[in-house]
Amino acid sequence: MCKFVNHNSPIMQYFEPYFIECPSCGGKNKFPRFSVFGYEKTEWSDGKIFKTLPSTDLSKLQMCTVCKKYYWYDSYCGINSFDFYVEALKHFERKYSLMSFFSFINIFYYNYDYKLKNKKDLIYIRTNIMRTYNDQFRIHPLSKGKLPKNTNTVEKKKIFIDNAKKLIKLLNEINSDDLFLRAELYRNIGDFEEASRILNQLPDSNKKELLLKEIENKNCDVFIINEITVPVPPKKTN
């Protein structure tokens, strides 16, 4: 069974939800199932794709509704908050730090593959700290022109800057080839010279030129790169 919902132009087709067992407590977590057509996507300089849709972003990290523990599972379940990712970062940094400590006791316990995976997990969380912080500057198309409410912006700004510096370090440690993200992070913290140097390693593109223009203007804030419309598929004819 399914139902259709039209949020202005987007068409959303909902199906029966499904359930996933929490790996920690075995509790059942409910997730939605749907298809969406006829919406607009806005690409921002931090790499986020902002959609004209209500809460349909992909999240790779979940929190169990029963035991409140984190676990990794891909789902289009909605938008996790800035505070969610900040708390998740504390949890996983503590967890991976303990794993690193025990590796001195058993050299086979924590090998290179584990270290690389854990660093990529932290990169995912830190990237989402950056993007959820930037959400306060984005006007969602379904919000009737209103910016989201935000609190403790001074404290969040400090977290954002510290996070950007540590995210740069992680990206360098794994030799990330995501030069756009690295350049954006340097721009965010005001290191325009390094941001420009990184961008100039890339071939010419509209995105590169837009970023270089914002660097020239000494702008540290997130901005729109591109807007794309995802069309409604044509109706089938007999």
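Listed here are the pairs K60/K157; K157/K218; K41/K69; K117/K157; K117/K207; which of them are more than 26 Å apart at the Cα? From K60/K157; K157/K218; K41/K69; K117/K157; K117/K207, over 26 Å: K41/K69; K117/K157; K117/K207. Computed with a 1.4 Å probe on the full set of protein chains, the accessible area for Y14 sits at about 60 Å².
The values are calculated or read from the model by the stated rules, or taken from the named source; none is laboratory data. The structure presented is a predicted model; accordingly, all values stated were derived computationally and were not measured. What goes into the accessible areas is simple: the full protein's heavy atoms, side chains included, and nothing from ligands, DNA or RNA. Shrake-Rupley method; radii C 1.70, N 1.55, O 1.52, S 1.80 Å.
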